[in-house]
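The values are calculated or read from the model by the stated rules, or taken from the named source; none is laboratory data. All of these numbers come straight from a predicted model, not from anything done at the bench. Please note: Cβ atoms are built from the backbone with ideal geometry, for glycine as well, and neighbour counts cover all protein chains shown. Surface accessibility is based on the protein's heavy atoms, side chains included, excluding ligands, DNA and RNA. Shrake-Rupley method; radii C 1.70, N 1.55, O 1.52, S 1.80 Å.
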Amino acid sequence: MCGIIGYIGKKNVVPILIEGLKKLEYRGYDSAGIAVVDDGPILRRRAKGKISVLEDVLKQDEVKGNYGIGHTRWATHGRPSEENAHPHQDCTGDIVIVHNGIIEKYMDLKTQLSFEGHKFQTETDTEVIAHLIEKYFQENLEEAVRQAMEHLEGEFAVAVISSRDRDKIVLVKQGPPVIVGLGENEYFISSDVNPLLLYTKDVVFLNDGEMAVIEREGVTYSDFSGKLLKKKIDHINWNPLMIEKSGFKHFMLKEIFEQPRVIRDTLKGRISMDKGKVLLGEIGLPPERIKSIRRVVILACGTSFNASLVGKYFIEEIAGIPVDVEYASEYRYRNFILDKNSLVVAVSQSGETADTLAALRALKVKKPLTLAVCNVESSSIARETAGLLMTHAGPEIGVAATKTFSAQMTALMLLALYLGQINESMDKDTGLSYIKELQRIPTKIESILSQTEGLEKLAKKFISASHFLYLGRWANYPIALEGALKLKEISYIHAEGYPSGEMKHGPIALIDDNMPTMAIAPKDRIYEKIMSNISEIKARSGYVIAVAYEDDKEIEAKVDAVIRIPAILPLLSPFLTTVPLQLFAYYIAAARGADVDQPRNLAKSVTVE
Ligand code: F6R
């Protein structure tokens, strides 16, 4: 949520900041700005809207320099406007900052600072930081920042420059992620690794309570008390091509098409066909602790929550362990009924979602075993759990999660098999049949992706729809939720995901010829029940699209349109049913001219509560 970027070196900083901001734009895009330093005062350029608007501003009103900072915003305090866009400054314009996060009780600080004579120009919480630093500034920027930190509560990653203590960027972290990139005689700062891949793969992740002073000669790390720290250099193995569109119109479409690769990568090295086993020793949890697990609680938000719900069906079915899937934002305020035989799994693509992280931190008092299912190895969630099961989806740029959803389902299926193996609740033949089917999934998805014209044509019929109902049962109930979420977030069409069996308890009242229904109907153990639910809708003039197996001939006569998927072991059908629903949402949104990769009001990494 909000992206920050910075550079110090010999090159012109402006294109580096702008390109970096474009890579971070998925984190927030309601306004953007940069501040650069040449020989004179700090020069700021800001604009309401996307980075492209800022580029236009820079064409009219050029700046240059060889160090500076930039920001792309997702508004929390103060509406999106040029005035509220970062970078923000103190009274004099000598101290300029960018900030990701939220400053708690900032109004108290603002009142106090105003009383002391500071003049505020924005509605943001961020501006208090600039004035606080101004208050403590004598000669040395990092000293002033350090003193200011003592008065700040909340979550913040802040980068600061000053024309009174030049040629340095001071960076602090207390919450949101921030990284230092180490180039050759040049240094970068960024909210994530994506903008750095073009320049360097050597990075340092700051921890909470840490500070970096980045100068032309090198970087000094310390904690907030000033104690010097020696930091580990991490090497990133993502490559720059991973964050390009590679000929696709949108990142979302590219990422949907990447799913076969993502599933293969997430399975790679974790399955032994000889032994008929899943190999997950890498997660780092002792098998004897795993054997004692009697309950699993999965914490997640949004799409990760929906993948976790699929995981619940996998684990309960295969390992026979009860699973509760909880919205992290709710669970964090609950009475945690957990013990040492509970496994808490935090599922998060980014590993930085504030609610998931906060819930995880809060429940640790109960000392459960903790595991992260995560796509970013260096993220806070991945680092704060005892075990880590990586999803190997690669960077996901489209704000709407697609390939990471499939990667999370894959990881959770592997976890289910691993738990079942260790607690011996699953016989070898059953395990082997799931393992074999898992390996066939990428090819089956490829076959769906090889014939999308019909789906695109069907989707385009609904570009003027105002509502949509998504129905699924059993393991496909979460897919109904996810299908509806995808449609809502990228096309802005209101959609509800519902368990089909619940229809008659209320939502059926909504059915008329303006409420189309997407019914997920693989031939599983409750197929007949789903067919009854479909009949109930048809009897009330509802339009029904069914997602059904290729060999299901009887469904044709019972619905208005059918989307075909290859047959698969029913428990694993969510891997296939999800793909046409992602594409359906994509084609509708693209045909409506919506900003598919950066839907309004959203940000990919939600690092505020
Ligand atoms: C929806 C979407 C969000 C995220 C949610 C959790 O397409 O992307 O709902 O799934 O914000 O994010 P992570 O998985 O990073 O914790």
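Selection of strands (runs of 3 or more DSSP E) fully inside the stretch 451-559 by the criterion of at least 3 residues being under 25 Å from PHE575 (Cβ atoms), more than 16 Å from the ligand (Cβ to nearest atom) and not hydroxyl-bearing (Ser, Thr, Tyr) returns 467-472, 517-520, 544-549.
Can you spot a residue in the stretch 514-525 that is out of contact with any strand residue (DSSP E or B) (no Cβ under 9 Å at 6 or more places or on another chain) and not assigned by TED's automatic domain parsing to the domain that holds ALA400? Lay out the reasoning, then the answer.
Filtering the stretch 514-525 for residues out of contact with any strand residue (DSSP E or B) (no Cβ under 9 Å at 6 or more places or on another chain) gives 524-525.
If we keep only those that are not assigned by TED's automatic domain parsing to the domain that holds ALA400 as well, we get 524-525.
Scanning the stretch 514-525, I find at least one residue that is out of contact with any strand residue (DSSP E or B) (no Cβ under 9 Å at 6 or more places or on another chain) and not assigned by TED's automatic domain parsing to the domain that holds ALA400, so the answer is yes.
Looking only at the stretch 327-350, count how many residues are within 17 Å of the chain's Cα centre (by Cα) and surrounded by fewer than 22 Cβ atoms within 10 Å (Cβ to Cβ). Break it down into steps so the answer makes sense when it comes.
Residues of the stretch 327-350 within 17 Å of the chain's Cα centre (by Cα): 327-329, 345-350.
Keeping just the survivors that are surrounded by fewer than 22 Cβ atoms within 10 Å (Cβ to Cβ) gives 327, 329.
Of the residues in the stretch 327-350, 2 are within 17 Å of the chain's Cα centre (by Cα) and surrounded by fewer than 22 Cβ atoms within 10 Å (Cβ to Cβ).
Annotation: SER114 fulfils all but one of (1) farther than 20 Å from TYR221 by Cβ; (2) touching a residue at least 24 places away in the same chain (Cβ under 8 Å); the unmet one is (2). Do the conditions hold for GLY28, that is, is it touching a Cys at 6+ places or on another chain (Cβ under 6 Å) and within 27 Å of GLY154 (Cα to Cα)? It is true that GLY28 is touching a Cys at 6+ places or on another chain (Cβ under 6 Å) and within 27 Å of GLY154 (Cα to Cα). If the condition is being within 16 Å of ILE290 (Cα to Cα), in contact with a helix residue (DSSP H, G or I) (Cβ under 9 Å, 6 or more places away or on another chain) and among the charged types (D, E, K, R), then the stretch 337-387 contributes ASP339, LYS340. Taking the criterion of being open to solvent by 20 Å² or more (accessible area, probe 1.4 Å) and of a type in the set (A, V, I, L, M, F, W, C), the residues of the stretch 178-205 that qualify are LEU182, LEU198, PHE205.
Yes or no: ILE397 outside the structural domain of MET273 (by TED's automatic domain parsing), open to solvent by 10 Å² or more (accessible area, probe 1.4 Å) and touching a residue at least 40 places away in the same chain (Cβ under 8 Å)? Quick ask: steps written out before the conclusion?
Values: outside the structural domain of MET273 (by TED's automatic domain parsing): no; open to solvent by 10 Å² or more (accessible area, probe 1.4 Å): yes; touching a residue at least 40 places away in the same chain (Cβ under 8 Å): yes.
Criteria not met by ILE397.
How do the pairs read when you match residues in the stretch 346-367 that are more than 20 Å from ILE283 (Cβ to Cβ) and not assigned by TED's automatic domain parsing to the domain that holds ILE179 with residues anywhere that are surrounded by fewer than 22 Cβ atoms within 10 Å (Cβ to Cβ) and of a type in the set (Asp, Glu), using Cβ under 6 Å and keeping only pairs 6 or more apart or on different chains? As it stands, the answer is ALA354/GLU609, since those pairs meet every condition given. When VAL579, VAL608 are checked against the criterion of being touching a Gly at 6+ places or on another chain (Cβ under 7 Å), within 16 Å of the ligand (Cβ to nearest atom) and not charged (D, E, K, R), VAL608 stands alone in meeting it.
For MET252, the criteria (1) open to solvent by 50 Å² or more (accessible area, probe 1.4 Å); (2) closer than 28 Å to GLY20 by Cβ hold in every case but one, which is (1).
Across the stretch 132-148, the number of residues qualifying as at pLDDT 95 or above and out of contact with any Ser or Thr (no Cβ under 9 Å at 6 or more places or on another chain) comes to 9. Restricting attention to the stretch 501-550, the residues that are free of Cβ contacts under 8 Å to residues at least 24 places away in the same chain and touching a Lys or Arg at 6+ places or on another chain (Cβ under 8 Å) total 3. Within the stretch 301-318, the presence of at least one residue that is of a type outside the set (A, V, I, L, M), more than 14 Å from the ligand (Cβ to nearest atom), surrounded by fewer than 18 Cβ atoms within 10 Å (Cβ to Cβ) and free of Cβ contacts under 8 Å to residues at least 12 places away in the same chain is confirmed.
I want to confirm something. Restricting to the stretch 265-296 and keeping residues that are surrounded by fewer than 22 Cβ atoms within 10 Å (Cβ to Cβ) and of a type in the set (Val, Ile, Thr), which single residue is nearest to the ligand (Cβ to nearest atom)? Selected residue: ILE283.
Evaluate the following for GLU244: is it more than 21 Å from SER378 (Cα to Cα), modelled with pLDDT under 95 and either within 19 Å of the chain's Cα centre (by Cα) or open to solvent by 40 Å² or more (accessible area, probe 1.4 Å) (or both)? Steps first, answer last, please.
On the way: more than 21 Å from SER378 (Cα to Cα): yes; modelled with pLDDT under 95: yes; either within 19 Å of the chain's Cα centre (by Cα) or open to solvent by 40 Å² or more (accessible area, probe 1.4 Å) (or both): yes.
The answer is yes for GLU244.
The strands (runs of 3 or more DSSP E) located wholly in the stretch 333-421 that include 3 or more residues which are out of contact with any Gly (no Cβ under 8 Å at 6 or more places or on another chain), more than 12 Å from the ligand (Cβ to nearest atom) and farther than 14 Å from LYS604 by Cα occupy 342-348.
Summed over the stretch 560-581, the residues that are open to solvent by 20 Å² or more (accessible area, probe 1.4 Å) and assigned to a helix (DSSP H, G or I) give a count of 1. Annotation: SER535 fulfils all but one of (1) surrounded by fewer than 18 Cβ atoms within 10 Å (Cβ to Cβ); (2) modelled with pLDDT under 95; (3) in contact with a Ser or Thr (Cβ under 9 Å, 6 or more places away or on another chain); the unmet one is (3). Test ASP234 against the stated conditions and say whether it is farther than 22 Å from ILE315 by Cβ and without any contact (Cβ under 8 Å) to a residue 60 or more places away in the chain. For ASP234, the condition - farther than 22 Å from ILE315 by Cβ and without any contact (Cβ under 8 Å) to a residue 60 or more places away in the chain - is not met. Scanning the stretch 582-605 for residues that are more than 11 Å from the ligand (Cβ to nearest atom) and not in a loop (DSSP other than H, G, I, E, B) yields LEU583, PHE584, TYR586, TYR587, ILE588, ALA589, ALA590, ALA591.
Yes or no: the stretch 247-255 includes at least one residue that is under 30 Å from VAL170 (Cα atoms) and more than 16 Å from the ligand (Cβ to nearest atom).
First pass over the stretch 247-255, keeping only residues under 30 Å from VAL170 (Cα atoms): none.
No.
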